[in-house]
Amino acid sequence: MKKRILTIILVLVGIAGLLAVAHLLVPPILRSAHHALLSGHMMLITMQKRDTAETITFPVDYLREGDVVYVGSDSAWWQHLRGGAAVRLLIQGTDLVGWATPIVDDPDRARKGFQKLRPWTYKRALWSGAVFVEIQLRP
């Protein structure tokens, strides 16, 4: 039993380490001339932290349909968008601005959104408490 718990802990630490490295390596790639390696499904989102003037930027998976961009938040960053908030996006080498709204009060809309965004893993996203975010692009 102790070995099993230790193995689970090591796997989780390894996954956390990989994610930390990804968050360090992906943004420079998305900002570079070689962004096409990742920019078909990854983008950078920049937002202002709630109750501060500090901004944060990180990579997320996305799906764009015209003037709407769909994003899934697997961590707490979406809380900075409560009630809607302005965001900056870097999609396929292009800087865009938009208004982001987390979908927290409409489970059916969130489920349909995750089905589009993550067709093979949307059930895990819903089960894990991920939050679906819609971003309306602005001119």
Check your understanding: Is it true that GLY93 is loosely packed, with under 12 Cβ neighbours inside 10 Å, closer than 20 Å to PRO28 by Cα and out of contact with any Lys or Arg (no Cβ under 7 Å at 6 or more places or on another chain)?
Key -> no
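Among the residues of region 78-90, which ones are in contact with a Leu (Cβ under 8 Å, 6 or more places away or on another chain) and either crowded, with 17+ Cβ neighbours inside 10 Å or more than 12 Å from ILE45 (Cβ to Cβ) (or both)?
Across region 78-90, the qualifying residues are VAL87, LEU89, LEU90.
Residue by residue, here is whether (1) part of a strand (DSSP E or B); (2) of a type in the set (A, V, I, L, M); (3) more than 11 Å from the chain's Cα centre (by Cα); (4) under 22 Å from LYS123 (Cα atoms) holds:
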site: ALA53; (1), (2), (3), (4): no, yes, yes, no
site: ILE56; (1), (2), (3), (4): yes, yes, yes, no
site: TYR62; (1), (2), (3), (4): yes, no, no, yes
site: VAL71; (1), (2), (3), (4): yes, yes, no, yes
site: TRP77; (1), (2), (3), (4): no, no, no, yes
site: ALA86; (1), (2), (3), (4): yes, yes, yes, no
site: VAL97; (1), (2), (3), (4): yes, yes, yes, no
Point to revise | Considering residues of region 115-137 that are among the aliphatic types (A, V, I, L, M), within 14 Å of the chain's Cα centre (by Cα) and not in a helix (DSSP H, G or I) only, the residue nearest to THR46 (Cα to Cα) | key: ILE135
Exercise for review: Take region 54-96 and flag every residue that is among the basic types (Lys, Arg) and under 19 Å from LYS112 (Cα atoms).
Suggested key: ARG64
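From THR52, THR101, THR57, which residue is modelled with pLDDT under 95, β-branched (Val, Ile, Thr) and in contact with a strand residue (DSSP E or B) (Cβ under 9 Å, 6 or more places away or on another chain)?
The unique qualifying residue is THR57.
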Study note, to complete from the structure: Selection from region 108-135 of residues touching a residue at least 12 places away in the same chain (Cβ under 8 Å), loosely packed, with under 14 Cβ neighbours inside 10 Å and not basic (Lys, Arg) yields SER128
Revision key, fill the gap. In region 41-51, residues that are within 15 Å of the chain's Cα centre (by Cα) and exposed (fewer than 12 other Cβ atoms within 10 Å of the Cβ) total 1
Review point. Does VAL87 satisfy being modelled with pLDDT of 95 or more, within 14 Å of PRO102 (Cβ to Cβ), in contact with a Gly (Cβ under 6 Å, 6 or more places away or on another chain) and of a type in the set (A, V, I, L, M)?
Key: yes
Study note, to complete from the structure: Filter region 107-139 for residues that are touching a strand residue (DSSP E or B) at 6+ places or on another chain (Cβ under 6 Å) and small (Gly, Ala, Ser); the one that is modelled with the lowest pLDDT is ALA125
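The values are calculated or read from the model by the stated rules, or taken from the named source; none is laboratory data. On a predicted model such as this, the values are computed, not experimentally measured, just so you know. When we count neighbours, we look across all protein chains shown, and the Cβ atoms used for this are built from the backbone with ideal geometry, even at glycine.
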